[in-house]
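Submitted below is the structure of interest, expressed as structure tokens.
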Amino acid sequence: MISKKKQDKFQININDSFPFLDGLDLSVNMSIIIYLCSFFLPDVDTRVAIVIMSSIIFLSFTSRVFDLKVSKLIQNSKFEKINIFIILPFLYLPPTLITLNSSTILAVIILSTSRILIGLFFSLCYRNLKVNDLNQYTNLCLTKYWVIYFLGLIVGFFLFSLMNEVYSNDFLNSGGWKILYIILISISFFLYVISNFLLKISTKFDSHIIIENRTKNNFSINFLIILIPIFTYLLFSSSHWLPKFSNPENLHFLSYDFLYPFLTIMLFIFLTPLANLVGRKKSITFFCLSIIIISAVISFISHSSSYSIDFLKFFIALVSSFTICCFILQSQYKKKSSSKLLSELNLVLFILSITVPFIFYYFIYHSINYSGIYIFFALVYLINYFTFFSQKNG
């Protein structure tokens, strides 16, 4: 029985394509922000346009907190009878129809609407997916979710790198970025063909699923630790353009290349089964206390050399891997339902959608305090440690 259960956890299902598409969407859109700024906001200063455009892109995070209300709205509608893979291509299509001669306000509205609907689409697929009349929830506590999401990030990064090498900046600024949107449309349509015609799988929204909607009352403070690895994914996706427009003192730090998220996911894969063998409570204690102690000590050391900056990026990757593992252990220890985890993740993404544009603004106009980052890690994990164990003991 145990071996079969473990095998089921790592079995690839059709709903596993959504974390991949979600990561791919984030990577592609964060990579092309500069080209989107030139296309949609040509008369705005580039640095200001970056902050505005990032806010628009992150509307796909903002809208997810409203997925339960949207689910109720589509009850008994025709959407429940449509293969959901055919919906996503039409959500990416409107921005590709915009031309340079289009009204700026209209173009921004179309892009914003597209981002809002895409965010709702992914959240509903995670929670309200029905495959062959069987509910298929996305479980955030499974290792494969984070691995598949990471693969989506990497594929998006390499697609952008290839496009950036082949085409000139002038071409990309004038609408060449649409090539990546066409690729997203093609991948989504390909999944539709595979699921509907080859596998003959029925994938639909099930808006009749009864879900506890008490996110505001039940939201756990220790869930906020997941902000750390998700933000590093954003940093990786933005590493092509963000250093160029940032304060010169931040240049080296913001070059958060492939090595660091790769290290994060590899350490996470290695640590998760090891932590389960040691014990969830002991592992959570180790993760929290080790990060608190190391961060507190290093915050008093000078960080003027490039080696200290490289160490900080390595340490962020280490903390990110600890964080994902700690998040899974805490969720399992408290026996949280998949529905509640998704609701809390949506709230975390909502927080990110509001804060990240301001963080980008800070990176652009101000130098980073490296000691402050270590102190931040120490405080976050100190709060996480006390809130987790006090809630459990209480």
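The values are calculated or read from the model by the stated rules, or taken from the named source; none is laboratory data. From a predicted model like this one, the values you see are computed outputs, not experimental measurements. Using ideal geometry, Cβ is built from the backbone for each residue, glycine included, and neighbour counts are taken over all protein chains shown.
From the list Leu329, Leu312, Leu379, Leu352, pick out the single residue that is under 20 Å from the mean Cα position of the chain (by Cα), surrounded by fewer than 21 Cβ atoms within 10 Å (Cβ to Cβ) and not assigned by TED's automatic domain parsing to the domain that holds Met53. Break it down stepwise before answering.
Values: Leu329 fails: surrounded by fewer than 21 Cβ atoms within 10 Å (Cβ to Cβ); Leu312 fails: under 20 Å from the mean Cα position of the chain (by Cα); Leu379 fails: under 20 Å from the mean Cα position of the chain (by Cα).
Among Leu329, Leu312, Leu379, Leu352, only Leu352 is under 20 Å from the mean Cα position of the chain (by Cα), surrounded by fewer than 21 Cβ atoms within 10 Å (Cβ to Cβ) and not assigned by TED's automatic domain parsing to the domain that holds Met53.
Might you let me know whether region 146-156 holds any residue that is of a type in the set (Gly, Ala, Ser) and within 24 Å of Tyr256 (Cβ to Cβ)?
Yes, the conditions are met somewhere in region 146-156.
Here's something else I'd like to know. Can you tell me which of Asn196, Asn217, Asn213 is at pLDDT below 95 and in contact with a helix residue (DSSP H, G or I) (Cβ under 6 Å, 6 or more places away or on another chain)?
When all the criteria are applied, what remains is Asn213.
Quick check, is Asp43 charged (D, E, K, R), part of a helix (DSSP H, G or I) and modelled with pLDDT of 80 or more?
Numbers: charged (D, E, K, R): yes; part of a helix (DSSP H, G or I): no; modelled with pLDDT of 80 or more: yes.
Answer is no for this residue.
Determine which member of the set Lys130, Lys144 is within 15 Å of Phe18 (Cα to Cα) and outside any helix (DSSP H, G or I). Write out each step before concluding.
Numbers: Lys144 fails: outside any helix (DSSP H, G or I).
Answer to the check: Lys130.
Considering (1) surrounded by fewer than 22 Cβ atoms within 10 Å (Cβ to Cβ); (2) outside any loop (DSSP other than H, G, I, E, B), say which one Ser239 fails and leave the rest.
With respect to (1) surrounded by fewer than 22 Cβ atoms within 10 Å (Cβ to Cβ); (2) outside any loop (DSSP other than H, G, I, E, B), Ser239 is out only on (2).
If Val70 meets every condition in (1) under 22 Å from the mean Cα position of the chain (by Cα); (2) surrounded by fewer than 21 Cβ atoms within 10 Å (Cβ to Cβ); (3) under 24 Å from Leu159 (Cβ atoms) apart from one, which number is that one?
The failed condition is (3).
Answer yes or no as to whether Tyr374 is at negative phi and crowded, with 19+ Cβ neighbours inside 10 Å.
On the way: at negative phi: yes; crowded, with 19+ Cβ neighbours inside 10 Å: yes.
For Tyr374, the condition - at negative phi and crowded, with 19+ Cβ neighbours inside 10 Å - is met.
Report, by residue number, each residue of region 245-262 that is within 10 Å of Ile364 (Cβ to Cβ) and out of contact with any Leu (no Cβ under 8 Å at 6 or more places or on another chain).
Those that are within 10 Å of Ile364 (Cβ to Cβ) and out of contact with any Leu (no Cβ under 8 Å at 6 or more places or on another chain): Phe245, Asn247, Asn250.
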